[in-house]
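Below: one structure, written as structure tokens.
The values are calculated or read from the model by the stated rules, or taken from the named source; none is laboratory data. Predicted, not measured: the structure shown is a model, and the values here were computed from it. We place every Cβ from the backbone using ideal geometry, glycine too, and count neighbours over all the protein chains shown. All accessible areas refer to the heavy atoms of the entire protein, side chains included, with ligands and DNA or RNA removed. Shrake-Rupley method; radii C 1.70, N 1.55, O 1.52, S 1.80 Å.
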Amino acid sequence: WYQRRVREAVVSTQSTGPNPTKKPIKRRSSGKKRAPPKITAQQLPVEKAKKRSTKPHAEVVICTSACHREDQGMVRSVATALGGVIKGQVDKSVTHVVVGTVRRTVNVMRGIVLGCNIVTLDWVTESVSNGGWAGTDKFTLTSEFPSLHQSSAKRRSLSAKLFRGMGSLYLDPSCQPPLKELSELVTLCGGKVTGSRNRGKYCVGGSESDSISEQWVLDSITRIHLQPTRPYLAVRSPSPEY
């Protein structure tokens, strides 16, 4: 292609000489469109996307979940080019959780509760192709997390009262996810946590016969619907996959 353009330029220059009527050679069109080359994560044209992105957009705040280091770097580069913000963990300001390997990580669970968009890495690469942040519908993990069919506002509303009125929950120190993170999830969903096993109406985690698996908390949040406790009695969590 480059050599062909050089030859055309030479012919065009020669047309001003002894034979000014000579016209430059025109390229024939085959009528077929060439498929765009495949782009790897390392070759993402973020600078090009930055120049094309001229439309104003709401602030996009991204947090990643279970992504490889190179994918995290790619997401950071695209966010810089398109005007997004990267955060280390999900909070109320995060709008999108970008998922590498599909797992119920703490960031994903927080994202469900706080009404974030839970999307695959393909959403990021599609945004580069568009020259701006793409829509999320076809990249949302609705099959893995059924509650994502609901709007962000409805998820926030339902989650806030999920464990409300149940009485205090005692979380065993050996629970998975870790005690601090699981306690935060329960609190975000309107529940109360006690540090005394005797005061807890339900005991979550541990190996006692009356203990409920941590899966009960995670499954209830994933569906944003309180699950019956009986199937979860004394069933251990598949740590560390959650």
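Checking the structure you have, find out if any residue of the stretch 200-213 is part of a helix (DSSP H, G or I) and surrounded by fewer than 20 Cβ atoms within 10 Å (Cβ to Cβ).
no
Please return the ranges of helices (runs of 4 or more DSSP H) entirely within the stretch 75-176 where 1 or more residues are closer than 21 Å to Cys189 by Cα and of a type in the set (Val, Ile, Thr).
Where helices (runs of 4 or more DSSP H) fall fully within the stretch 75-176 and carry at least 1 residues being closer than 21 Å to Cys189 by Cα and of a type in the set (Val, Ile, Thr), they are 106-113.
Given (1) within 15 Å of Ile221 (Cα to Cα); (2) in contact (Cβ under 8 Å) with a residue 60 or more places away in the chain; (3) open to solvent by less than 30 Å² (accessible area, probe 1.4 Å), where does Val128 come up short, assuming only one miss?
So Val128 meets the others, but not (1).
With Glu181, Glu144, Glu208 as the choices, which residue is among the acidic types (Asp, Glu) and modelled with pLDDT of 95 or more?
Unique residue meeting the criteria: Glu181.
Go through (1) open to solvent by less than 40 Å² (accessible area, probe 1.4 Å); (2) in contact with a Lys or Arg (Cβ under 9 Å, 6 or more places away or on another chain); (3) not basic (Lys, Arg) and name the single condition Asp122 misses.
Every condition holds for Asp122 apart from (1).
Gly135: loosely packed, with under 14 Cβ neighbours inside 10 Å, within 16 Å of Ser183 (Cα to Cα) and small (Gly, Ala, Ser), yes or no?
Criteria not met by Gly135.
Residue by residue, here is whether (1) without any contact (Cβ under 8 Å) to a residue 24 or more places away in the chain; (2) of a type outside the set (Lys, Arg) holds:
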| site | (1), (2) |
| --- | --- |
| Met109 | no, yes |
| Val119 | yes, yes |
| Lys138 | yes, no |
| Phe163 | no, yes |
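Within the stretch 164-171, is even one residue crowded, with 16+ Cβ neighbours inside 10 Å, aromatic (Phe, Trp, Tyr) and over 29 Å from Thr101 (Cα atoms)?
Checked against the condition, which is being crowded, with 16+ Cβ neighbours inside 10 Å, aromatic (Phe, Trp, Tyr) and over 29 Å from Thr101 (Cα atoms), the stretch 164-171 yields at least one hit.
Looking for whichever is over 19 Å from Trp133 (Cα atoms), exposed (fewer than 10 other Cβ atoms within 10 Å of the Cβ), β-branched (Val, Ile, Thr) and modelled with pLDDT under 55 here; the options are Thr21, Thr54, Thr13. Which one fits? Steps first, please.
Working: Thr54 fails: over 19 Å from Trp133 (Cα atoms); Thr13 fails: exposed (fewer than 10 other Cβ atoms within 10 Å of the Cβ).
That would be Thr21, the only listed residue that is over 19 Å from Trp133 (Cα atoms), exposed (fewer than 10 other Cβ atoms within 10 Å of the Cβ), β-branched (Val, Ile, Thr) and modelled with pLDDT under 55.
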